[in-house]
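Asker: Below are the structure tokens for one structure; questions will follow.
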Amino acid sequence: MPRDLPSPMITAVTSNLAAPCILVDLTLATGVQHVWSGVGSLLYGGNTYLGVGSLGQIGDVTEGSDVKADGTTITLSGIDATLLNDCLLEIQLGAPVTVWFAVFQNGGILGAPYPLFVGTVDQPVVPISPDTIAITLKLESRMANLQRPSNRRYTASDQTYYFPTDSGFNWVETLNDIALVWG
């Protein structure tokens, strides 16, 4: 099902008076890093977004009617070789990431950004070439959690671990020893 963008955003993009941009909120080991696809710093929502310009890239964001986990990628190139190890130590697997679509007009964001992708960080890929070093983060959708098995058990001890006052599963273990006769 296609999503609807707010009408002021559509008007600004179609009038060629505004430029589309991408905002990214990425959780790292030292805190949340805010970056955007433009150049320079951008203040929005109480956060300062650092511009990555042409050094940043985002992969395809797909969406369909099937229940499946579609992921994407974000890439930052032009990394100094001396800082590569520090960059890799900052990456936290499973950390939340949000990618926003916004409209940049007159030095600021027009209206509210549109959430383009919400998910978590997966394994980084570091393609190193003679010219440049880049870090590509695979992002996986929250829907990927549907494919993971649950480690929960239907026992009283498992239930009281998460909910200490709940006694709803106290009788479940006794069902193994009861012979029920039907009819």
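Asker: Going highest first, how would you order 77-87, 99-109 by mean Cβ packing within 10 Å?
Answerer: Working: 77-87: 12.1, 99-109: 17.9.
Highest-to-lowest ranking by the protection proxy: 99-109, 77-87.
Asker: Which residues make up the longest stretch of the chain that has no trypsin sites (Lys or Arg not before Pro) in a DSSP loop with at most 10 other Cβ atoms within 10 Å? Mind dumping the intermediate values first?
Answerer: On the way: sites that count: Arg3, Arg152.
The reported range is 4-151.
Asker: Specify whether the C-alpha gyration tensor of segment 7-148 places it in the rounded, prolate or oblate class, a ≥ b ≥ c being the square roots of the eigenvalues: rounded for a/c under 1.5, otherwise prolate if a/b is larger than b/c and oblate if not. Provide the component values of the computation, followed by the final result.
Answerer: Values: a/c = 1.82, a/b = 1.20, b/c = 1.52.
Because a/c hits 1.5 or more and a/b fails to exceed b/c, segment 7-148 counts as oblate.
Asker: With 10 angstrom as the radius, rank Phe163, Phe169 by how many other C-beta atoms surround their C-beta, starting from the fewest.
Answerer: Details: Phe163 11, Phe169 16.
Least to most surrounded, the residues fall as Phe163, Phe169.
Rule-based calculations on the coordinates, nothing more; no lab input. The structure displayed is predicted, hence computed values, not measured ones. So basically every Cβ, Gly included, is an ideal-geometry build from the backbone, and we count neighbours across all protein chains shown.
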